[in-house]
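Shown next, in structure tokens, is the structure this report addresses.
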Amino acid sequence: MSNDKAVLVGVDGSDASYKAAWWAANYAKHAGLTLQIVCAYSLPSYAAVSFDATYTTMGNDVAAHNDAQEILSKAKAIADEQGVGAATLIVTGDPSSVFVELSRNYRLIVIGNRGKGGLAERLLGTTSSSLPAYAYCPIVVVPYTDDDGNLMHLSNDIKRVAVGSDESKWGLKALQIAAAFADSWNAELDVMSAVPNISGLTGTGSAEERSVMDSYLDDLNTRITPLMKTYPDLRINKTVVPGSAVEALTQASKTHDVVVVGSRGRGGFTGLLLGSTSQGLLQHAVSPVYVVPRKYVEAEESGLKAAADAAESTDVADITGVEKISVDLAKPEQLADLESTIDPEHKE
């Protein structure tokens, strides 16, 4: 069974993951997609590396399984409050490899960031093992706080979308996805193209520098023209900025509801997405980052995505380490203050 019309969100008991569940439910409801929630843990030391610090019971698989069910019941209740019924899954073993395999089956995977270790650390920890670098479907990474630990507000309505655009196939696909995403929300789309710093040219204000900037703007106009025909009502703004695309997109995350970017996989822009503290977009963005992975783009480019989905997608219960379960909704008292904790500014 393929879940091409489903959104998957990962939770681990941290407030960051519950915030991701909130975003995923809001998006699924808007897009008319189904939602599935997965909790991942590993044994024997699951409490130290898998769940949030709240879930510290050490013991056998039964204890871990019970904790996972409690986590899922809260996340399911968060989705239910938005009018979204969600199916629930438990993953045992290494979540990095399992999530990559799961990504063959879903329209979108959503995970939280800046939690206390747990799932986010294991899926975003390094460039070489990062889920956004190797997934077969787009990934949305939802920040919990900014760099100073301030909680970030999430709006029910997406009004502004930013996208980093270049002439690579990854950049073009990210632009297409961002346009469709913004149009579905009746949002404004800001398309950003970065001009690399050139020693002796950048910042001089010379005619040569203006010529380079104009050339990039012309290329940007060429990329945008087809989108204007496809989405005639979409409001598109274009900006050419000198210097780092990562810095520009990080700044854009402060004024936009979502930032969309393409990922080339190992090296390339993924190094900028997940690289050093000074560079990593995912480490510093304060709005959700919608990553379009290399494998997803290459499958679509080859024209074999439908065939690949048919051949490779299996029922998630057939993937090693994945178990479909049913959980009850958490009781209201179990959710006490949870939503105000993950987003104190949220109002219905």
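The values are calculated or read from the model by the stated rules, or taken from the named source; none is laboratory data. Treat the numbers as computed from the prediction; the structure is a model and nothing was measured. Cβ placement follows ideal geometry from the backbone for every residue including glycine, while neighbour counts extend to all protein chains displayed.
Scan the stretch 327-345 and report the pairs whose first residue is within 24 Å of residue 90 (Cβ to Cβ) and modelled with pLDDT of 75 or more and whose second residue is of a type in the set (Phe, Trp, Tyr) and outside any loop (DSSP other than H, G, I, E, B), with Cβ atoms within less than 7 Å and a gap of 6+ or a chain change.
Listed pairs, sorted by first residue: 338/18; 342/18; 342/22.
Say whether the condition of being modelled with pLDDT of 85 or more, part of a strand (DSSP E or B), β-branched (Val, Ile, Thr) and surrounded by 23 or more Cβ atoms within 10 Å (Cβ to Cβ) is met by at least one residue in the stretch 16-37. Please lay out each step first, then the result.
At the first step, the residues of the stretch 16-37 found to be modelled with pLDDT of 85 or more are 16-37.
From the residues that got through so far, the ones that are part of a strand (DSSP E or B) too are 34-37.
Pick out the ones that are also β-branched (Val, Ile, Thr) and you get 34, 37.
Next cut, surrounded by 23 or more Cβ atoms within 10 Å (Cβ to Cβ) only: 37.
Yes: the stretch 16-37 contains one or more residues that are modelled with pLDDT of 85 or more, part of a strand (DSSP E or B), β-branched (Val, Ile, Thr) and surrounded by 23 or more Cβ atoms within 10 Å (Cβ to Cβ).
How do the pairs read when you match residues in the stretch 15-29 that are assigned by TED's automatic domain parsing to the domain that holds residue 109 and in contact (Cβ under 8 Å) with a residue 60 or more places away in the chain with residues anywhere that are among the charged types (D, E, K, R) and assigned to a helix (DSSP H, G or I), using Cβ under 8 Å and keeping only pairs 6 or more apart or on different chains?
Correct list of pairs: 18/74; 22/339.
Does at least one position in the stretch 188-202 carry a residue that is acidic (Asp, Glu) and in contact (Cβ under 8 Å) with a residue 40 or more places away in the chain?
Filtering the stretch 188-202 for residues acidic (Asp, Glu) gives 188, 190.
The next check asks that each one be in contact (Cβ under 8 Å) with a residue 40 or more places away in the chain; those that pass are 188, 190.
There is at least one residue in the stretch 188-202 that is acidic (Asp, Glu) and in contact (Cβ under 8 Å) with a residue 40 or more places away in the chain.
Limited to the stretch 303-326, what total is found for residues that are loosely packed, with under 12 Cβ neighbours inside 10 Å and modelled with pLDDT of 70 or more?
1
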